[in-house]
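Down below is the structure, laid out as structure tokens.
Just so you know, all these numbers are worked out from the coordinates, no wet-lab data involved. Just so you know, these numbers come straight off a predicted model, no measurement behind them. Ideal geometry is used to build each Cβ from the backbone, glycine not excepted, and the neighbour counts take in all protein chains shown.
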């Protein structure tokens, strides 16, 4: 009889979703949902791959819900296998010591690999796990790979938290090739909040992603993964969508919109169409939060921005009971100004802006663009290095300071300014 494993990671108990209000915004709500789903569907094992508890003074918020959930699983005969991550390397072992439960197994404490066999109804599988011994681990956990007591006759499930194929990471930088060469049938990974099935054939390699979407940087569906494991058979994988919050990005082409009402109608129609296309995935979703980007070409970019200014006030309850809101609106319009190549021949500011836009589009550069890039990086670093934003920087909540990000910002502003200047020329 196959063994069913409900796996998740990066729950960050103690935190709550951004841009959402209500009790369901807290990650403890999703932890309770995961526990109840596991019990209702009679899974055999719950696997937790690190960062179950958030490290920023969340101990007292997390300890009660976590222990209650683990105890509840035990009362229904469900075993729990877990490893700690960088956020809960010290907190998680402490919580488990404060209330020892026979059904809970923290593997690989102190940064050493550990193997644990699990048998049910004549079927045996082995769990191999490694836990963070400290906050920062700059070497791959796979360098210390060894499994004393490993039985090659039974499947092995690897539990690991860290960064894959990122050699400069401070959080256990291991490589995919290190995983697939081991005698492991399934790797369940934590640390990356975006769900990602890196390998679909044996050995399968899967980042479960966070079961609870925490911010707009985590768009799309979220939830734990159900793995069905049996000897000599492929692992069956099914994602269970349990996150009560979902973030989405939507691009709306507003080329040709003539007034405020037309633009608002177009945005509302686009939002409804996008939601309707996702209805089958929204059964557990209580709040869907959009980031809307206005795209296309328009002769009056500044006016379009004014027309769209209040779209972020939208707060709509859908027929399904899901609340729809818009957290952010960006205007990525290109100026409707004719032939950029012709404008670029001018010696005026219009010509300089056109040259800059063409350089960005063609992935080249100009002296003016180089100067803009230097100025952008200088000001962006002042912002991100500010003590006010230091906590955000520590957890990488700001945009990366890359050439691509700088060029995107500059392109948006050049298009807006070019549209305004050409409008002024037409009026004159």
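Any idea what angle helix 27-40 forms with the longest principal axis of the chain, computed on alpha-carbon atoms, 0 to 90 degrees, nearest 10?
The helix 27-40 is inclined about 50 degrees to the chain.
Mind jotting down a quarter of the surface of the convex hull over the alpha carbons of the chain, in square nanometres, one decimal?
For the Cα atoms of the chain, the hull's average projected area reads 23.9 nm².
Go from 0 up to the bin containing the longest alpha carbon distance in segment 23-103, width 10 Å each, and give me the % of pairs per bin.
Bin by bin from 0 Å, the calculated values are 18, 55, 27, 1.
Quick check: from the Cα gyration tensor, does segment 3-239 come out rounded (a/c under 1.5), prolate or oblate?
The shape class here is rounded.
Calculated FRET efficiency, residue 255 and residue 315, Cβ-Cβ r, R0 30 Å, to nearest 0.05? Numbers along the way, then the final one.
Numbers: r = 27 Å, r/R0 = 0.92.
Between residue 255 and residue 315 the formula returns 0.65.
Measure nothing fancy, just the Cα-based angle from helix 349-361's long axis to the longest principal axis of the chain, in degrees from 0 to 90, nearest 10.
That works out to roughly 30 degrees.
Counting only DSSP beta bridges with both residues in segment 77-131, tell me the antiparallel percent, nearest 5.
Here the antiparallel bridges make up roughly 70 percent for segment 77-131.
So, by mean Cβ neighbours within 10 angstrom, what's the order for 139-151, 107-119 with the highest one leading?
Ranking, from highest mean packing down: 107-119, 139-151.
Express as a percent, rounded to the nearest 5, the fraction of DSSP beta bridges in the chain (both residues included) that run antiparallel.
The antiparallel proportion sits near 30 percent.
May I ask you to compute the full-extension gain from residue 120 to residue 380, defined as 0.36 nm times their residue separation minus their alpha-carbon distance, rounded to one decimal in nm?
Extra length from residue 120 to residue 380 when fully extended: 88.0 nm.
Which angle between 0 and 90 degrees, to the nearest 10, do you get for helix 260-277 versus the longest principal axis of the chain when only C-alpha atoms count?
For 260-277 against the chain, the angle is about 20 degrees.
Between residue 154 and residue 413, what is the label-point separation in nm under the 7 Å Cα-to-beta-carbon projection?
With each label placed 7 Å out from Cα toward Cβ, I get 6.2 nm.
Let's test the formula: R0 of 45 Å, r as the Cβ-Cβ distance of residue 297 and residue 241. What FRET efficiency results, to the nearest 0.05?
FRET efficiency, residue 297 to residue 241: 0.75.
As an exercise, use a Förster radius of 41 Å and the Cβ-Cβ distance of residue 201 and residue 370 to find the FRET efficiency, rounded to the nearest 0.05.
According to the calculation, E is roughly 0.30.
Rounded to the nearest angstrom and ordered from largest down, what semi-axes does the equivalent ellipsoid of segment 259-398 get from its C-alpha gyration tensor (root of 5λ)?
35, 24, 13
If you rank 199, 55 by fewest surrounding Cβ atoms within 10 Å, what's the result?
Exposure proxy ranking, most exposed first: 199, 55.
Of the DSSP beta bridges with both residues in segment 244-336, give the percent that are antiparallel, rounding to the nearest 5.
Details: 3 of 22 bridges.
Here the antiparallel bridges make up roughly 15 percent for segment 244-336.
What is the spin-label model distance, in nm, from residue 363 to residue 41 if the labels are put 7 Å beyond Cα along the C-beta direction?
Those two pseudo-labels are separated by 4.2 nm.
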